[in-house]
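The values are calculated or read from the model by the stated rules, or taken from the named source; none is laboratory data. These figures come from a predicted structure and were not determined experimentally. Cβ coordinates were reconstructed from backbone atoms using ideal geometry, including for glycine residues, and neighbour counts include every protein chain displayed. In case anyone asks, the SASA skips ligands and DNA or RNA and just uses the protein heavy atoms, side chains included. Shrake-Rupley method; radii C 1.70, N 1.55, O 1.52, S 1.80 Å.
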Amino acid sequence: GNLQVRTGRYPDAIRTLSQAEHETRDPYLVYLASYLRGEAHRQAGQAVEAEAAYRRALETIPRAQSAALSLAGVLFLDDRRAEAAALADAAVAVPMPMDPWRVYGRADDRFWPRLIGQLREAIR
């Protein structure tokens, strides 16, 4: 889905990401699928659909920066500046939640602590 967004294949990306979002219960993956679907809609000029996708991402991981700031941008352009400002403020408030998009490039690195623990246990 991400590759389809990056190459401008927005309808394909939206289909792929919608399917991925509905086939998993992993909040990390649901967030990524929703956020990237929002990006596809936004880049395709579909602000209403982008807003809904970003909101879905934020339902999964509240205050995650990527979706919050992207949604704030959509709202700002729609002249809903107070809501946009509130979202942006909340997204940078400490402590910040983990944002799957910011660690996306590390792939399954999120499983490392559990896997290394299992390895250590097996060695014992």
Legend entry - Selection within segment 40-65 - out of contact with any Gly (no Cβ under 9 Å at 6 or more places or on another chain) and within 20 Å of Pro97 (Cα to Cα): Leu58, Glu59, Thr60, Ile61, Pro62, Arg63, Ala64, Gln65
Inset, instruction - Among the residues of segment 1-25, count how many are touching a Lys or Arg at 6+ places or on another chain (Cβ under 8 Å) and either open to solvent by less than 20 Å² (accessible area, probe 1.4 Å) or of a type outside the set (Ser, Thr, Tyr) (or both). - result: 5
Legend entry - Residue check, Leu75 over 15 Å from the mean Cα position of the chain (by Cα) and either surrounded by 16 or more Cβ atoms within 10 Å (Cβ to Cβ) or under 14 Å from Trp101 (Cβ atoms) (or both): yes
Inset, instruction - For segment 56-68, enumerate the residues that are open to solvent by less than 80 Å² (accessible area, probe 1.4 Å) and assigned to a helix (DSSP H, G or I). - result: Ala57, Leu58, Thr60, Gln65, Ser66, Ala67, Ala68
Inset, instruction - Take segment 26-51 and flag every residue that is surrounded by fewer than 15 Cβ atoms within 10 Å (Cβ to Cβ) and either β-branched (Val, Ile, Thr) or under 14 Å from the mean Cα position of the chain (by Cα) (or both). - result: Asp26, Pro27, Val48
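Looking only at segment 41-51, decide whether some residue is at positive phi and either aliphatic (A, V, I, L, M) or at pLDDT 95 or above (or both).
Checked segment 41-51: at least one residue is at positive phi and either aliphatic (A, V, I, L, M) or at pLDDT 95 or above (or both).
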Inset, instruction - Residues being in a loop (DSSP other than H, G, I, E, B) and under 21 Å from Val30 (Cβ atoms): count how many of those fall in segment 71-124. - result: 4
